[in-house]
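Peer 1: Can you read through this structure? Questions will come right after.
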Amino acid sequence: MDNLNQEIIVRVAEAADKKYAIIITDEMEASAKARGTGIAKRSPEYIEKKIDEGKAVIALTSKGEWVGFCYIETWSHGEYVANSGLIVAPHFRKSGVAKQIKQTIFRLSRKMFPEAKIFGLTTGLAVMKINSELGYEPVTYSELTQDEQFWAGCKSCVNYEILMSKDRKNCMCTAMLYDPKDHYEPEETKAFFEENKTGLERLQRLKQWKFLKAFRKKDKTGTGSGTLKSFFNLFH
């Protein structure tokens, strides 16, 4: 509890923060294993590169203890941006710091890439809620970047075979997107989440049941596209 009472500073990462790279990547890997799902595995050198590029946000206590991290990736020549690798140290979870990190990395993304579409893939309802409050909406995979490098990054995820069996049209994660040129207001996407959070939670469970069952049967069918209003039609 003492950790949660400490002042937490969330800011753009600096060169001196590269000393936290190993603990960040170790926690990313441990968290992915615990969830049974995974983000693309990253090396400490990759995290250091993001810090050098000014494309990372870090959270630390006033005493210098590492709390959380997130970084920016760009795809399709800067047309798409992903706020990736969000991770919070276990004893600081449920403290609200993840929301602070997401808000900070979102603002940094908008500043660095004002024309880019910002997207994310997540299995966590808490992250979906935070994204919704920023103006993201759930979308189909067809609305994400088709950059081969992005999808190659999924190879280290435990669900990669499921993704490929679905022709990269769907997987265990829910896709969310913020399009600066065509988007709902944060009040609308937040309201949508609150009205449908039970359905979104059920959708995640349905994906787990349906996809794993289909994968066991070597089912190669995919799904169509959708929008905020028709998102749930994906599984009808």
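Peer 1: Which one, Y136, G153, L163, projects farthest toward the positive side of the charge dipole computed for segment 103-174 from Cβ point charges (K/R +1, D/E -1)?
Peer 2: Result: Y136, furthest along the dipole toward the positive end.
Peer 1: At a 1.4 Å probe radius, carbon and sulfur cover how many percent of the accessible area of segment 38-113?
Peer 2: 49
Peer 1: Whole number in Å², please: accessible area per residue of segment 1-114, 1.4 Å probe, ligands, DNA and RNA not counted.
Peer 2: About 51 Å² of surface per residue is accessible.
Peer 1: Sticking with this one: Using the Cα gyration tensor of segment 20-80, with a ≥ b ≥ c the square roots of its eigenvalues, what is the shape: rounded (a/c below 1.5), prolate (a/b larger than b/c) or oblate (neither)?
Peer 2: oblate
Peer 1: When a/c is below 1.5 the answer is rounded, else prolate if a/b is larger than b/c, else oblate, so apply that to segment 97-149 with a ≥ b ≥ c taken from the square roots of the Cα gyration tensor eigenvalues.
Peer 2: Oblate, since a/c reaches 1.5 and b/c is not below a/b.
Peer 1: Search the structure for amide H atoms under 5 Å from the amide H of T140, placed 1.01 Å from N in the peptide plane, and list their residues when 5 or more places away or on another chain.
Peer 2: When sequence neighbours closer than 5 places are left aside, the close amide H contacts are G226.
Peer 1: Using mean Cβ contacts within 10 Å as the protection proxy, how do 54-66, 130-142, 9-21 order, highest first?
Peer 2: Averaged packing, sorted descending, gives the order 130-142, 54-66, 9-21.
Peer 1: Quick check on packing: order 120-126, 80-86 by the mean number of other C-beta atoms within 10 Å, highest mean leading.
Peer 2: Top of the packing list down: 80-86, 120-126.
The values are calculated or read from the model by the stated rules, or taken from the named source; none is laboratory data. Worth saying up front: this structure is predicted, and the values here are computed from it rather than measured. No Cβ is skipped: glycine too gets one built from the backbone with ideal geometry, and neighbour counts run over all protein chains shown. Each accessible area value is taken on the protein alone, full model and side chains, heavy atoms only, with ligands, DNA and RNA left out. Shrake-Rupley method; radii C 1.70, N 1.55, O 1.52, S 1.80 Å.
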